[in-house]
1. Can you sort L161, L141, L166, L231 by 1.4 Å-probe accessible area, starting with the largest?
2. Summing +1 for each Lys or Arg and -1 for each Asp or Glu, what net charge is found among the other residues whose Cβ lies under 9 Å from the Cβ of L183?
3. Compute the acute angle (0 to 90°) between the alpha-carbon long axis of helix 46-56 and the principal axis of greatest extent of the alpha-carbon atoms of the chain; round to the nearest 10°.
4. Given the options A83, A107, A186, which has the most mean-square fluctuation in a GNM of the chain, springs set between C-alpha atoms less than 10 angstrom apart?
5. Okay, helix-only estimate at 222 nm for the chain: each DSSP H run of n ≥ 4 adds -39500 (n - 2.57), divide by all residues, round to 500 deg cm²/dmol; what do you get?
6. Using amide H atoms built 1.01 Å from N in the peptide plane, name the residues 5+ places from I5, or on other chains, whose amide H lies under 5 Å from its own.
7. Read phi for every residue in the range 63-70 and hand back ³J(HN,Hα) as whole Hz from Karplus 6.51 cos²θ - 1.76 cosθ + 1.60, θ = phi - 60°, with x for Gly and Pro.
8. Sorting check: for 115-127, 91-103, which peptide has the highest mean count of neighbouring beta carbons within 10 Å, and how do the rest follow?
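The values are calculated or read from the model by the stated rules, or taken from the named source; none is laboratory data. Small disclaimer: the values here were computed from a predicted structure and weren't measured. So basically every Cβ, Gly included, is an ideal-geometry build from the backbone, and we count neighbours across all protein chains shown. We work out accessible area using only protein heavy atoms, side chains counted, and drop any ligands, DNA or RNA first. Shrake-Rupley method; radii C 1.70, N 1.55, O 1.52, S 1.80 Å.
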Amino acid sequence: MENFISVITTVKNGSKYIIEMLESVKSQSHNNFEHLIVDDGSTDDTVNKLYDFQIRNTDYPLKIFQPGNIGRGRALNYAVSKARGNWIAVIDSDDLWHPEKLTIQSAIVQNNNVDALFTNTQLFSSKSEIIIHEASTPDALVILGLDNLLKHNRLSHSSVLIRKQLCCYDESRHSQFDYELWLRLASQNRIIAKTNTKLDFHRIHKDQSFENTSGKKYYWRSFKLKTKYTLSERRIIILMYNTFKLFYDLFLPRNIRLTVRKLLNPIN
């Protein structure tokens, strides 16, 4: 079980991209894993597609759970509670992975003292934008501290490999479940590392919480979350920076922000 990984996904009405995600995980060169998918009360044909995939791929280690409409935070923790591995890899239902992702991350965590390991991420809107390059285990890791994370969240949820005992989401939140966890771990001086090898592909589309009509609420909640830690840790300069960024997120047109995000490649 040393290099056994539990891959978890939560989904709600994710029919459009769910099979692409499954095929991406199925293509992993690392085959010592299980894939747990928790459906959070979908009303489209997501569940039918999941069971159809399971029937057509009997050798794929897929487990499907339907606890009802319990909310994203509870669904994530539900998946973690069912996991058998000591390491959790998360992939959102609309994202994709490089075929070597789990192989490379597994090798890194076996040889380095880290609590959560992230990879570099490519943003994309269409699969035609993705180019799969040969990937190898990197020589060096970047260690990320609280100050860095308070300014920018450039950590994709779908790129993380995290110790199971540390993977506990705040169920009281409405969004940014992953970002809250990263900040909490950093404030506890847990070792958060990142490799610049691009192994994760994060899809940008209009249905996401930071791109749809609820976007302003998303950015306000993100600002409040960061403010909680900047005030408790007395990071006043960072608080000023985040205040400026809030106005940028709220008032700059979406198409301009999206162009800037793709140029700079942040995740949130």
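1. I get L231, L141, L166, L161, largest accessible area first.
2. +2
3. Taking Cα atoms only, the helix is inclined about 40 degrees.
4. Among A83, A107, A186, the largest mean-square fluctuation in the Gaussian network model of the chain belongs to A107.
5. Calculated from helices alone, the mean residue ellipticity at 222 nm is -12000 deg cm²/dmol.
6. Amide H neighbours of I5: F33, E34.
7. Along the range 63-70, the couplings run 10, 10, 10, 10, x, x, 7, 9 Hz.
8. Highest-to-lowest ranking by the protection proxy: 91-103, 115-127.
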